[in-house]
Structure formats: C-alpha cells, structure tokens
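Only one structure is covered here, and it is reproduced in the block below.
The values are calculated or read from the model by the stated rules, or taken from the named source; none is laboratory data. Here the structure is a predicted model, which means the values were calculated and not measured. Please note: Cβ atoms are built from the backbone with ideal geometry, for glycine as well, and neighbour counts cover all protein chains shown. These accessible areas exclude ligands, DNA and RNA; they are computed on the full protein's heavy atoms, side chains included. Shrake-Rupley method; radii C 1.70, N 1.55, O 1.52, S 1.80 Å.
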Amino acid sequence: QVQLVESGGGLVQAGGSLRLSCATSGRTFSRQRMGWFRQAPGKEREFVGAIYWSTGNAYYADFVKGRFTISRDTAKNTAYLQMNSLKPEDTAVYYCAAARSIGLRPTDSYDVWGQGTPVTVSS
C-alpha cells in the first residue's frame with residue numbers, strides 16, 4: 001500500500017510563507033507526476049500545480065504563479081510546495097497526489113492521494 005503524507009501546514013499571517021512536504025511511504029510506487037490541490041471551506045477542490053517527477057518540470061495554476069514553487073527530492077521520494085506571499089484566500093486544506101502516468105495535462109487524473117494538511121492565512 002502506497003501512502004502520501006503531507007506535512008507543514010499551519011497558521012501564518014498574510015504575506016508569510018510555508019513549505020508543505022509530501023512524503024511517500026509504503027511499497028515502491030512509480031510516479032510520473034506529483035500534484036498539489038487545495039480545497040477551501042465550501043468550495044470545490046482546485047488544482048494548484050504539478051511537477052513531472054523525472055524532469056522536475058513544474059506547472060502552476062494562474063492564481064499561484066510567481067508565489068508558489070513546486071520541487072521534489074527524488075532520493076527522499078518527497079515533493080514540496082513552497083508558498084510565499086500568502087493571502088487569506090489561500091486558506092484551504094492542501095492535498096498532494098501522485099499519478100502513475102504522465103498524462104496529457106498536469107491536471108489529468110491522479111491515483112494516490114494524501115490526507116491533506118490545513119493552511120490558514122490570517123489577515
């Protein structure tokens with residue numbers, strides 16, 4: 001069983017930064033993409049960004065471009081979401097997900113999901 005475990009969430013003031021981690025545990029899992037999503041209270045889950053595991057190329061939703069950066073450490077099987085210049089509207093539960101396939105788009109379906117880590121940005 002493959003598990004993704006997010007960590008690093010918490011409470012931060014507007015303008016601050018957080019770094020989320022997504023560690024993989026369990027049996028070997030050949031992932032091609034790692035994605036980050038978020039779900040704010042009362043809203044649908046939305047795509048934040050994704051990284052292609054072999055190349056390190058990352059893609060972002062427009063609303064986080066220039067503020068968020070996705071990276072990965074292949075030796076540690078861990079993906080990261082560095083969030084800077086946080087805004088109150090970034091408040092949400094953040095999820096990481098892994099896909100076995102490259103897919104056609106970064107937003108294509110994902111196979112394994114983490115349990116989420118909450119981020120609260122105060123004004």
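What is the gain in length, in nm to one decimal, between THR28 and ARG100 on full extension, counting 0.36 nm per residue of separation less the C-alpha to C-alpha distance? All intermediate terms of the calculation are to be shown ahead of the outcome.
Details: separation 72, 0.36 × 72 = 25.92 nm, distance 1.16 nm.
Using 0.36 nm per residue and subtracting the Cα-Cα distance, I get 24.8 nm.
Here the chain has 47 percent of its accessible surface on carbon and sulfur atoms, given a 1.4 Å probe and all protein chains in place. The mean sequence distance of close C-alpha pairs (under 8 Å, at least 6 residues apart), as a share of the length of segment 58-123, puts its relative contact order at 29 percent. In the context of the full set of protein chains, residues of segment 24-72 present 54 Å² of accessible surface per residue (probe radius 1.4 Å, heavy atoms only).
Legend: residues GLU89, GLU44, sorted from most to least accessible area (1.4 Å probe; ligands, DNA and RNA excluded), read GLU44, GLU89.
Length gained on full extension, GLN39 to ASP73: 9.7 nm, using 0.36 nm per residue less the C-alpha separation.
Enumerate by residue number the trypsin sites (Lys or Arg not before Pro) in segment 1-80 meeting two conditions: DSSP loop (anything except H, G, I, E, B), and at most 16 other Cβ atoms within 10 Å of the site's Cβ. Walk me through the intermediate numbers first.
On the way: sites: ARG19, ARG27, ARG31, ARG33, ARG38, LYS43, ARG45, LYS65, ARG67, ARG72, LYS76; in loops: ARG27, ARG31, LYS43, ARG45, LYS65, ARG67, LYS76.
When the trypsin sites (Lys or Arg not before Pro) of segment 1-80 are filtered for loop state and at most 16 Cβ neighbours within 10 Å, ARG27, LYS43, ARG45, LYS65, ARG67, LYS76 remain.
Compute the Cα gyration tensor for the chain, then decide on rounded, prolate or oblate, letting a ≥ b ≥ c be the square roots of its eigenvalues: rounded whenever a/c is under 1.5, prolate when a/b is larger than b/c in the other cases, and oblate in all that remain. It is prolate, given that a/c is not under 1.5 and a/b is the larger ratio. Solvent exposure of ASP73, expressed as accessible area, is near 50 Å², computed with a probe of 1.4 Å over the protein chains only. Of the whole protein surface, THR120 contributes about 60 Å² of accessible area at a 1.4 Å probe radius.
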